[in-house]
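The values are calculated or read from the model by the stated rules, or taken from the named source; none is laboratory data. These figures come from a predicted structure and were not determined experimentally. Here Cβ is always computed from backbone atoms with ideal geometry, including for glycine, and neighbour counts include all displayed protein chains. Accessible surface areas use protein heavy atoms only, side chains included; no ligands, DNA or RNA. Shrake-Rupley method; radii C 1.70, N 1.55, O 1.52, S 1.80 Å.
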Amino acid sequence: VDLRDPAALAQRPVAVLRGSPHKRLLQSLNFGVVAECASVRECMRMVSKGVVDVTYGGEDVHRHAARLDGNREADFNFSAVFRSGDIWLAGSLDIGEDEGRAWRAALEAMRADGTLARLLRKYGLAAN
C-alpha cells in the first residue's frame, strides 16, 4: 500500500478509532471502507493481521500502540502528515475555577521539574 497516494488509499479498507471524528472525515473525502475499532491497539492489530490495509489517527499514539503489542515501529510504515489539528484536554462543566487553577498549576509544576519532558520522552512524543 502506497501511503503517499491518498486517492489510492481511499479505495482500501481503513480502520479508525470508534467515536472519533475520523470516520466522518474520511467518508467526506470519499474513503469507501472505513472500519471502526475499540482502541488504537486494536486498529494496529487489524493492520498487522491484514483485516484493513491502513489505520488513521494520531501518529504518536499509533507508534506507541504498536510498541505496546511488542511490535517495532519499523514493522509498520507511517505516512507523512495527511491532516493535522489541535488536541484539547477538556473537563466537565462543573469544574470550578479553583479546580481549573489547580490543574494549570500542576501542569506548570510538571514542566518546571522535568516530569512532563520525561513523560513525553517515555511515550515517544514531541514536546510543543
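The set of residues in the stretch 87-105 that are outside any loop (DSSP other than H, G, I, E, B) and loosely packed, with under 11 Cβ neighbours inside 10 Å comprises Glu97, Asp98, Arg101, Arg104, Ala105.
If only residues of the stretch 60-77 that are loosely packed, with under 11 Cβ neighbours inside 10 Å and of a type outside the set (Lys, Arg) are counted, the one that is nearest to Val14 (Cα to Cα) is Ala74. Between Ser48, Ser39, the distinction of being within 13 Å of the chain's Cα centre (by Cα), surrounded by 12 or more Cβ atoms within 10 Å (Cβ to Cβ), of a type in the set (S, T, N, Q) and within 26 Å of Lys122 (Cβ to Cβ) belongs to Ser39 only.
Residues in the stretch 1-34 that are among the hydrophobic types (A, V, I, L, M, F, W, C), open to solvent by 40 Å² or more (accessible area, probe 1.4 Å), closer than 20 Å to Arg45 by Cα and without any contact (Cβ under 8 Å) to a residue 24 or more places away in the chain: Val33 alone. Residues in the stretch 8-25 that are at pLDDT below 95 and among the aliphatic types (A, V, I, L, M): Ala8, Leu9, Ala10, Leu17, Leu25.
Do we find that Ser84 is at pLDDT below 95, part of a loop (DSSP other than H, G, I, E, B) and surrounded by 14 or more Cβ atoms within 10 Å (Cβ to Cβ) in this structure? Before the answer, list the steps.
Numbers: at pLDDT below 95: yes; part of a loop (DSSP other than H, G, I, E, B): yes; surrounded by 14 or more Cβ atoms within 10 Å (Cβ to Cβ): no.
No, not satisfied.
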